[in-house]
Amino acid sequence: MKLQTISIFVDDQQRAVDFYTGVLGFQVTADVPLGEHRWLTVRLGDGPDATEVSLEPKGHPAVAPFTDALAADGIPWCVLGVDDIEAEHARLTGRGVTFTQPPTDVGPVIVAVLDDTCGNLLQLAQLTG
C-alpha cells in the first residue's frame, strides 16, 4: 500500500498550479475542466512511487474555516522533504516565496515554513541524522 494522492485545498486553482509548478517544480499530471473548477493534479518526479497532489478548490463549507485556522495558527498543511534546506530556502526566497519560519534546527530535522500563496503553509524538512 502507498499514498497515491493527497488533496491540498486552495483559494485559487490557477494561482496554485502556477505556484506549485512554476515555483516549487511540480509537474501537472491532470488538468480536466469541471464547470467552474478543474480536476487538477501535480506531482514531483515521474517514478511510480511519486505521490500526486490534488489542488482542490475550497468549495465545501467546512474547508475554508479549517484551512484558515491552520494558517492562522502557523500550522503547515504538509511536509516536503528536501536534501539541502539552506539551498532550497535560498532558491525559493530568490523566487519571491514568503517564509513564515526560516530554516530552524529542531534536533533530528531542520524545518522551514513557507506560504503557498493559496491559503496554506507548507513545511520543508531536512533530516540531519
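Taking 0.36 nm per residue of separation and subtracting the Cα-Cα distance, full extension of the segment from residue 15 to residue 68 would add 17.3 nm. Helix 63-72: angle to the longest alpha-carbon principal axis of the chain, degrees 0 to 90, nearest 10? Helix 63-72 sits at roughly 20 degrees to that axis. When the trypsin sites (Lys or Arg not before Pro) in segment 38-129 are filtered for DSSP coil states and for at most 11 other beta-carbon atoms within 10 Å of their beta-carbon, the remaining sites are 95. For residue 51, the residues whose amide H sits under 5 Å from its own are 44, ignoring neighbours fewer than 5 places away on the same chain, with H placed 1.01 Å from N. Of the residues 45, 74, 35, the one that moves most in a GNM of the chain with alpha-carbon contacts below 10 Å is 35. About its Cα centre, the dipole of the chain is roughly 140 debye, where the only charges are +1 on Lys and Arg Cβ and -1 on Asp and Glu Cβ. Here the Karplus relation 6.51 cos²θ - 1.76 cosθ + 1.60, evaluated at θ = phi - 60°, turns the backbone of segment 43-48 into coupling constants of 7, 9, x, 10, x, x Hz, with x for every Gly and Pro.
Charge tally for residue 117 (other residues, Cβ to Cβ under 11 Å; Lys, Arg +1; Asp, Glu -1): -4. Between the amide H of residue 109 and those of 128, distances stay under 5 Å, these residues lying 5 or more places away or on another chain, with hydrogens modeled in the peptide plane. Based on C-alpha pairs under 8 angstrom that are at least 6 apart in sequence, segment 5-127 has a relative contact order of 26 percent. Place +1 on the Cβ of every Lys and Arg and -1 on the Cβ of every Asp and Glu in segment 5-127, take the dipole about the Cα centre, and give the residue among 120, 108, 85 whose Cα lies farthest towards its positive end. Farthest towards the positive end: 120. When the alpha-carbon atoms of segment 5-127 are used, the pair Rg, Dmax equals 14.5, 47 angstrom. Among the GluC sites (Glu not before Pro) within segment 33-90, those in coil by DSSP and having at most 13 neighbouring Cβ atoms inside 10 Å are 36. Note on the chain: GNM, Cα springs under 10 Å; of 49, 116, 105, the largest mean-square fluctuation is that of 49.
Each residue of segment 27-39 was assigned a 3J(HN,Hα) from its phi angle through the Karplus expression (A = 6.51, B = -1.76, C = 1.60, θ = phi - 60°), giving 10, 5, 10, 8, 8, 10, x, 9, x, 7, 10, 9, 7 Hz with x at Gly and Pro. A cut-off of 5 Å between modelled amide H atoms, ignoring neighbours fewer than 5 places along the same chain, links residue 58 with 10.
Rule-based calculations on the coordinates, nothing more; no lab input. Remember, it's a predicted structure, so these values are computed and weren't measured experimentally. Using ideal geometry, Cβ is built from the backbone for each residue, glycine included, and neighbour counts are taken over all protein chains shown.
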